[in-house]
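Below is one structure, written out as structure tokens; the observations come after it.
All of the numbers you see were taken from the coordinates with simple rules; none came from a lab. None of the values given here were measured: they were computed from a predicted structure. Here Cβ is always computed from backbone atoms with ideal geometry, including for glycine, and neighbour counts include all displayed protein chains.
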Amino acid sequence: MPTITLPIRLVTDLGAPPEPIRRIHHARTALWLQNDRGDFAECKRAVIDTGSSYTQISATLARSLNIPFPAENSVLNQTTAAGGRAVRVHDGELRVRFPPLPDHTFRLYCLFVEELPPSVPVLIGLHDTLELFRLTFDGRPAPAAPVGQITLETV
């Protein structure tokens, strides 16, 4: 089965007092996102976010890359590590390719979020991901992965 193995990185968010210090483990990757012409545009920053239910992208970023999504939107009460807020979202799909698997296109249910700035990485959440991949976490340190790695194996 085709697989992708990514190092898990540790980021420490010191937060502004009186916020607590948070240690965040995540795996970053590049993606190719399919646009309205069927071509794939490179997205250099995506995060496999096992704490997020949904895959999410900035609506502004999607528009700049000509990624189609429905005009209809709704308000979603979103809870994150930073707290809760209401955001406007467009429910749609992303078609993505991972550079290690260039011949495989994956369909991910996605929230196109108006309030996310385009500088925020694409978040690959668990909603469809668990149907597409078997996720394996290995916490053993390695030179390229000091806090371990995550492997995504196609199912």
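Can you tell me the relative contact order of the chain? Whole percent, Cα pairs under 8 Å, sequence separation 6 or more. Computed value for the chain: 30 percent relative contact order.
Viscosity 1.306 mPa s, temperature 10 °C: give me the Stokes-Einstein translational D for the chain in µm²/s, with Rh taken as the Kirkwood radius over C-alpha pairs. The diffusion coefficient I find is 97 µm²/s.
DSSP bridge analysis restricted to region 3-154 gives an antiparallel fraction near 85%, rounded to the nearest 5.
Exposure proxy ranking for E72, E115, E131, E93, based on other Cβ atoms within 10 angstrom of each Cβ and starting from the fewest, stands as E72, E131, E115, E93. Here the Karplus relation 6.51 cos²θ - 1.76 cosθ + 1.60, evaluated at θ = phi - 60°, turns the backbone of region 32-46 into coupling constants of 10, 10, 6, 9, 5, 9, x, 7, 10, 9, 6, 10, 6, 10, 9 Hz, with x for every Gly and Pro. Overall, the chain carries a charge dipole of about 400 debye about its Cα centre when +1 sits on the Cβ of Lys and Arg and -1 on the Cβ of Asp and Glu, all other atoms neutral.
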